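Contents: one structure, followed by commentary.
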Amino acid sequence: MESRLNYFSHPLAGKVLKHINSAAKVVSDSTLPGAVQELVKIRASQINGCGFCTDMHTKDAIAAGEAPQRLHLVAAWREAKVFTEAERAALELAEQGTRIADAAGGVTDEAWANATKHFDEDQLVALISLIAVINAYNRINVINQQPAGDYQPGQFG
């Protein structure tokens with residue numbers, strides 16, 4: 001599989017990605033736990049069918065010490081016993097926030113209330129922002145048919 005164009009080396013794309021990457025860095029540096037961040041990025045990427053981001057974030061999570069068993073179960077997190085209640089709340093918010101077009105009401109009050117039990121206001125802002133940012137990355141890669149499998153942990157800094 002070849003990408004439709006060389007997006008990552010295009011000058012205009014570089015300008016766009018500079019801003020998306022800046023937003024991602026703010027989230028990365030927040031108090032939202034790193035494990036939660038990776039789980040959310042993986043789940044949104046799975047839902048969106050973004051092989052490039054799924055490959056990247058599973059490899060980055062393993063490099064950061066995440067257990068492979070947990071990563072294998074992200075797609076079936078509701079049935080898995082390996083996630084904390086906070087991680088489950090973040091995964092639910094990520095799913096509903098990623099599938100906005102599939103649900104007329106958007107994110108439910110129940111999912112939001114559950115997230116507020118586990119995360120403070122700064123972390124909630126980071127979580128909302130993370131969901132938005134990973135969905136933007138997913139859409140760029142899916143539209144461009146960016147191939148997956150060659151990513152090396154830390155490749156982008």
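The values are calculated or read from the model by the stated rules, or taken from the named source; none is laboratory data. Keep in mind that what you see is a predicted model, and the values were worked out from it rather than measured. We place every Cβ from the backbone using ideal geometry, glycine too, and count neighbours over all the protein chains shown. In case anyone asks, the SASA skips ligands and DNA or RNA and just uses the protein heavy atoms, side chains included. Shrake-Rupley method; radii C 1.70, N 1.55, O 1.52, S 1.80 Å.
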Considering each residue of the stretch 59-83, count those that are of a type in the set (D, E, K, R) and part of a loop (DSSP other than H, G, I, E, B), and give that number. 4
Got at least one residue in the stretch 23-40 being closer than 22 Å to Gly149 by Cα, among the β-branched types (Val, Ile, Thr), in contact with a His (Cβ under 7 Å, 6 or more places away or on another chain) and open to solvent by less than 60 Å² (accessible area, probe 1.4 Å)? no
Restricting the first residue to the stretch 89-117 and requiring it to be surrounded by fewer than 21 Cβ atoms within 10 Å (Cβ to Cβ), which pairs with a second residue that is of a type in the set (Asp, Glu) and modelled with pLDDT of 95 or more meet a Cβ separation below 6 Å and a spacing of at least six or different chains? Ala111/Glu92
Residues satisfying the stated conditions in the stretch 41-54, i.e. open to solvent by less than 30 Å² (accessible area, probe 1.4 Å) and under 19 Å from Ile143 (Cβ atoms): Ala44, Ser45, Cys50, Phe52, Cys53
What are the residues in the stretch 55-88 that are open to solvent by less than 30 Å² (accessible area, probe 1.4 Å) and hydrophobic (A, V, I, L, M, F, W, C), if any? Met56, Ala61, Leu71, Val74, Trp77, Ala80, Phe83, Ala86
Filter result (exposed (fewer than 13 other Cβ atoms within 10 Å of the Cβ) and in contact (Cβ under 8 Å) with a residue 24 or more places away in the chain) within the stretch 118-142: Asp120, Asp122, Arg139
